[in-house]
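Okay, so here's the structure we're looking at.
The values are calculated or read from the model by the stated rules, or taken from the named source; none is laboratory data. Keep in mind it's a predicted model, so treat the numbers as computed, not measured. Every residue, glycine as well, gets a Cβ built from its backbone with ideal geometry; the counts of neighbours run over all protein chains shown. Quick note on the areas: whole protein, heavy atoms, side chains included, nothing else; ligands and nucleic acids left out. Shrake-Rupley method; radii C 1.70, N 1.55, O 1.52, S 1.80 Å.
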Amino acid sequence: QVQLVESGGGLVQPGGSLRLSCAASGTFFIMYSMGWYRQAPGKQRELVATITRGGSTDYADSVKGRFTISRDNANNTVYLQMYSLNAEDTAVYYCNTRLKLRRLGALGDYWGQGTQVTVSS
């Protein structure tokens with residue numbers, strides 16, 4: 001089974017920065033995209049950023065220019081560097097990966113348990 005473990009969340013003041021990490025463990029054939037999503041209270045989960053195995057990235061408009069996603073394929077880890085945080089960034093951040101457990105298997109989505117990011121003075 002595949003597990004994703006996030007770390008790096010916490011309380012930060014407006015204008016501050018945080019770096020989230022997510023490490024995937026377990027046995028699988030190949031990992032394709034990795035990404036971060038977030039869910040604020042009373043809102044639906046939304047895409048924050050994704051990165052392909054080859055390094056192509058995509059960002060939500062609300063975080064472009066402030067957040068940077070990166071990954072370490074050798075260690076199956078994805079990072080989210082967040083700058084200029086504001087109250088609207090407060091949410092639970094979830095790590096996601098899309099992978100195949102076996103060469104001829106189907107693509108599957110896997111999620112971490114989430115890490116809380118709170119931006120407040």
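Taking each residue as 0.36 nm, the span from Ser17 to Arg53 lengthens on full extension beyond its C-alpha to C-alpha distance by 10.4 nm.
Entry comment: accessible area of the chain is 55 Å² per residue, from protein heavy atoms only and a probe of 1.4 Å. The trypsin sites (Lys or Arg not before Pro) of the range 67-110 meeting both criteria, a DSSP state outside H, G, I, E and B (loop) and at most 16 other C-beta atoms within 10 angstrom of the site's C-beta, are Arg102, Arg103.
Counting 0.36 nm for each residue step from Leu104 to Ser7 and taking away their Cα separation leaves a gain of 31.7 nm. Rg/Rh for the range 54-121 to two decimals, with Rh computed the Kirkwood way over all alpha-carbon pairs. Computed over Cα atoms, the ratio is 1.03. The charge dipole of the chain, taken about the Cα centre with unit charges on the Cβ atoms of Lys, Arg (+1) and Asp, Glu (-1), comes to about 380 debye, rounded to the nearest 20. The phi torsions of the range 41-49, fed into the Karplus equation with coefficients 6.51, -1.76 and 1.60 and a -60° offset, translate into couplings of x, x, 10, 7, 5, 10, 5, 9, 6 Hz, rounded to whole numbers, with Gly and Pro shown as x. Its Cα gyration tensor gives the chain an equivalent ellipsoid; the semi-axes, largest first and in whole Å, are 26, 14, 12. From the alpha carbon centroid of the range 1-66 to that of the range 84-121 is 5 Å.
Between Asn75, Asn86, Asn96, the GNM of the chain built on Cα springs shorter than 10 angstrom shows Asn75 fluctuating the most.
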